[in-house]
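Student: The structure follows.
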Amino acid sequence: MKIFSESHKTVFVVDHCPYMAESCRQHVEFDMLVKNRTQGIIPLAPISKSLWTCSVESSMEYCRIMYDIFPFKKLVNFIVSDSGAHVLNSWTQEDQNLQELMAALAAVGPPNPRADPECCSILHGLVAAVETLCKITEYQHEARTLLMENAERVGNRGRIICITNAKSDSHVRMLEDCVQETIHEHNKLAANSDHLMQIQKCELVLIHTYPVGEDSLVSDRPKKELSPVLTSEVHSVRAGRHLATKLNILVQQHFDLASTTITNIPMKEEQHANTSANYDVELLHHKDAHVDFLKSGDNHLGSSSREGSFKETITLKWCTPRTNNIELHYCTGAYRISPVDVNSRPSSCLTNFLLNGRSVLLEQPRKSGSKVISHMLSSHGGEIFLHVLSSSRSILEDPPSISEGCGGRVTDYRITDFGEFMRENRLTPFLDPRYKIDGSLEIPLERAKDQLEKHTRYWPMIISQTTIFNMQAVVPLASVIVKESLTEEDVLNCQKTIYNLVDMERKNDPLPISTVGTRGKGPKRDEQYRIMWNELETLVRAHINNSEKHQRVLECLMACRSKPPEEEERKKRGRKREDKEDKSEKAVKDYEQEKSWQDSERLKGILERGKEELAEAEIIKDSPDSPEPPNKKPLVEMDETPPIEKSKGPVSLLSLWSNRINTANSRKHQEFAGRLNSVNNRAELYQHLKEENGMETTENGKASRQ
């Protein structure tokens with residue numbers, strides 16, 4: 001059981017020999033008052049740090065980041081090596097802070113450049129580091145106490161980071177051999193002791209640092225396993241900021257850290273209090289804060305603000321903080337943070353702003369669409385945490401429907417078939433051993449994986465993408481073709497299924513072809529069967545290598561697909577007959593449209609002639625020389641068209657249709673006598689009464705007394 005990893009124990013071994021007092025040759029401007037300097041004053045010369053100072057500062061920055069993010073269960077032991085090994089702290093939690101380490105280093109002081117280099121060696125520190133790794137920490141002792149009988153399951157792993165100035169590659173190999181032999185010896189001592197633990201795994205990180213401008217005598221080497229217990233890697237780094245950058249990268253690798261850059265942070269300028277500028281601050285935290293980004297593939301990656309500090313950083317934008325801090329957000333994780341450049345003014349302002357009880361929401365930078373708030377910065381108990389907010393579906397909501405596809409679209413998945421598929425491929429305990437044909441023992445898990453692979457060689461997930469799996473007639477073949485071996489009865493059932501499909505094609509039976517997303521009636525019957533046969537061949541060919549009887553099924557299928565010439569001729573005649581039927585249907589429709597058009601044209605011509613005759617009659621009647629035309633009773637015959645009333649405007653379609661209906665109806669019954677004897681569609685009533693009174697009706701409708 002791996003309870004404690006290599007990150008639980010870290011031992012720093014820093015070389016304190018005289019050559020570490022040499023300058024790193026990276027100058028720092030000490031006199032910054034260049035513009036306002038009074039004339040005649042000689043400027044101060046630039047200074048440079050020693051290799052010892054660069055090593056101490058870089059290692060302290062490593063410890064600061066580790067303590068910020070992991071205040072517990074991640075321990076550091078600091079050893080200074082010169083003529084002997086000086087252990088500056090212990091594994092107890094009280095010694096795990098920067099103040100204790102800085103005070104101990106200040107007591108050690110810088111290396112003496114006039115000391116005898118022959119009396120100093122880094123080997124003293126490496127031996128002490130191995131001895132320190134064998135000591136039990138408080139957390140390991142607690143775990144061993146809880147496990148009692150299983151105390152040996154508690155792991156003892158650690159890491160040694162050695163910063164020195166090596167002479168050559170052979171010198172480095174000598175240091176590695178020394179560590180390997182020391183681990184072997186101390187493991188023997190720890191096996192017979194109750195207060196020590198054997199080292200199960202040790203990572204040795206050798207950092208060769210040298211002044212800027214010189215050539216390195218040691219080459220880099222990636223991690224290499226020297227023994228089952230020891231692995232080693234070598235880094236050759238120039239002193240100064242290059243060494244600090246290298247240790248910054250190593251602390252991220254050793255503790256699984258990730259980088260997030262907060263952009264567009266508004267901050268007032270010192271020189272102009274009324275104006276503000278936007279700054280960026282890079283933060284380190286555990287990489288689990290970016291799990292949602294890695295799952296979605298939307299990383300928002302950018303370059304780091306520091307040279308070579310972190311190859312990739314995720315960029316998040318500052319949102320204007322709200323004054324209401326009581327609002328609760330659905331948070332899926334909280335991780336401690338540590339600024340990369342802790343002494344910069346933007347980092348200091350941001351940390352002070354958060355420690356005063358304010359919270360900052362962070363959004364993902366997007367070119368379009370609504371903003372997505374994915375993280376929040378807030379402090380709890382004097383520590384700043386990066387909170388991961390849920391930007392996707394919440395686990396408190398109802399789960400999505402099984403028919404919901406990508407983007408929320410409803411998809412016609414084969415849900416019922418998939419349930420049957422899962423039922424057929426369930427894992428069950430397998431007690432009796434089975435052997436393969438070659439006599440080797442068959443592993444049940446491997447057999448289950450093999451069966452799952454056979455069942456999924458061809459298995460469409462969507463109903464509209466398959467035809468054969470929607471046909472009940474194909475079930476006997478599809479259910480047995482996935483077997484590892486077939487019996488004669490299985491082959492016979494498969495052949496019967498193929499013959500039934502041939503009979504269905506001969507009868508021209510319809511197939512369950514999906515027409516989703518297609519216009520019109522869909523593919524023709526021949527095309528449907530062609531699709532079905534192709535899919536069936538794909539299914540059978542996927543399992544052709546299982547056995548020889550699978551090959552027989554494929555041969556039967558191919559034989560039935562190759563139709564005889566008379567069958568092809570019959571198909572051609574059927575297609576021609578279908579084309580003729582389509583053409584005849586089209587001709588009938590065209591004829592009906594043409595006939596209706598001709599009828600409308602004929603009625604229109606009749607109306608036009610009626611209008612012309614009425615116009616001529618009006619002209620003759622209005623002429624002063626023309627005699628008054630006698631009123632004649634219109635004789636309506638059964639086969640004649642009734643007179644069309646005078647129209648003052650264009651005739652509507654309703655009038656045309658009404659006239660046609662009236663004409664047809666008039667031929668089916670005897671006309672009313674009054675309408676036949678009427679004058680101008682007016683019939684005289686009670687004529688017998690007028691005759692008795694001596695009144696006589698003339699033809700023109702005017703009465704005269706005799």
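The values are calculated or read from the model by the stated rules, or taken from the named source; none is laboratory data. Predicted model, so just to flag it, every value in this text is computed and none were measured. Cβ placement follows ideal geometry from the backbone for every residue including glycine, while neighbour counts extend to all protein chains displayed. Please note that ligands, DNA and RNA were not included when accessible areas were found on the heavy atoms of the full protein model with its side chains. Shrake-Rupley method; radii C 1.70, N 1.55, O 1.52, S 1.80 Å.
Student: So what is log10(I(q)/I(0)) for region 70-164 at q = 0.13, 0.17, 0.18, 0.19 1/Å, when the Debye sum runs over its Cα atoms only?
Tutor: Computed log10 I(q)/I(0) values: -0.55, -0.84, -0.91, -0.98.
Student: Go through region 132-142 residue by residue and turn each phi into a ³J(HN,Hα) via Karplus (6.51, -1.76, 1.60, θ = phi - 60°); whole Hz please, and just put x for glycine and proline.
Tutor: 5, 5, 6, 6, 8, 8, 5, 5, 5, 5, 5
Student: Could I ask something else about it? Roughly speaking, what is the centre-to-centre gap between region 342-361 and region 183-226 when only Cα atoms are used, to the nearest Å?
Tutor: 39
Student: Report the dimensions of region 180-250 along its three principal axes from the alpha-carbon atoms, largest first, rounded to Å.
Tutor: Taking the Cα atoms of region 180-250, the three principal extents are 50, 21, 17 Å.
Student: When the distances between all Cα atoms of region 440-499 are binned every 10 Å from zero, what whole-number percent does each bin get?
Tutor: Binned Cα distances yield the sequence 19, 40, 31, 9, 1.
Student: What is the dipole size for region 144-198, taken about its Cα centre, with +1 at each Lys and Arg Cβ and -1 at each Asp and Glu Cβ, in debye to the nearest 20? Let's see the in-between values first.
Tutor: Working: 7 positive and 8 negative charges, 41 e Å.
The calculated dipole for region 144-198 is roughly 200 debye.
Student: Right, something else. Between the DSSP loop rule and a limit of at most 15 other Cβ atoms within 10 Å, which GluC sites (Glu not before Pro) in region 1-30 are left?
Tutor: Values: sites: 6, 22, 29; in loops: 22, 29.
Within region 1-30, the qualifying GluC sites (Glu not before Pro) (loop, at most 15 other Cβ atoms within 10 Å) are 29.
Student: Same structure, new question: Give the Debye-formula value of log10 I(q)/I(0) at each listed q (0.14, 0.26, 0.29, 0.30 Å⁻¹), with one equal scatterer per alpha carbon of region 141-200, two decimals each.
Tutor: Treating every Cα as an identical point scatterer, log10 I(q)/I(0) equals -0.55, -1.12, -1.23, -1.27.
Student: For a quick check: with amide H placed at 1.01 Å from N, whose amide H comes under 5 Å from residue 333's, ignoring anything fewer than 5 positions away on the same chain?
Tutor: 388
Student: So which trypsin sites (Lys or Arg not before Pro) in region 166-221 are both in a DSSP loop and have at most 15 other Cβ atoms within 10 Å of their Cβ?
Tutor: Details: sites: 167, 173, 188, 201; in loops: 167.
Filter output for region 166-221: 167.
Student: Let me ask you something else. Taking H placed 1.01 Å from N in the peptide plane, check which residues at least 5 places from residue 385 or on another chain put their amide H under 5 Å from its amide H.
Tutor: 378, 379, 380
Student: Let me ask something else about it. Going through region 65-94, which chymotrypsin sites (Phe, Trp or Tyr not before Pro) have at most 11 other Cβ atoms within 10 Å and a DSSP loop state? Could the numbers behind the result be given before it?
Tutor: Numbers: sites: 67, 72, 78, 91; in loops: 72, 91.
Passing both the DSSP loop test and the Cβ count: 72.
Student: Now, a different point. Read phi for every residue in region 440-450 and hand back ³J(HN,Hα) as whole Hz from Karplus 6.51 cos²θ - 1.76 cosθ + 1.60, θ = phi - 60°, with x for Gly and Pro.
Tutor: Computed from phi, the couplings for region 440-450 are 7, 6, 8, 7, x, 5, 5, 5, 5, 5, 5 Hz.
Student: Apply the Karplus curve 6.51 cos²θ - 1.76 cosθ + 1.60, θ = phi - 60°, to the phi angles in region 188-197 and return the couplings in whole Hz, x for Gly and Pro.
Tutor: Result, rounded to whole Hz: 5, 5, 5, 5, 9, 10, 8, 9, 10, 10.
Student: Skipping prolines and chain starts, which residues have an amide H placed within reach, meaning under 5 Å, of the one on residue 315, given they are 5 or more residues away or on another chain?
Tutor: So residue 315 has HN proximity to 261, 302.
Student: Excluding ligands and nucleic acids, what accessible area in Å² is computed for residue 440 using a 1.4 Å probe, to the nearest 10?
Tutor: 50
Student: Here's another thing I want to ask about it. If the limit is 23 Å between Cα atoms, which of 9/201; 73/188; 201/295 go over it? Show your work: numbers first, answer last.
Tutor: Working: 9/201 11 Å; 73/188 26 Å; 201/295 32 Å.
Pairs exceeding 23 Å: 73/188; 201/295.
Student: On to the next question. With charges only on Cβ, +1 for K and R and -1 for D and E, what is the dipole size of region 452-561 about its Cα centre, in debye, rounded to 20? Don't skip to the end; give the middle numbers.
Tutor: Working: 15 positive and 14 negative charges, 91 e Å.
My answer is approximately 440 debye.
Student: Over the residues of region 7-139, compute the C-alpha Rg and express it relative to 2.2 N^0.38 Å. Don't jump to the answer; show the numbers that get you there.
Tutor: Numbers: Rg = 18.4 Å, N = 133, 2.2 N^0.38 = 14.1 Å.
In units of the globular-protein estimate, region 7-139 measures up at 1.31.
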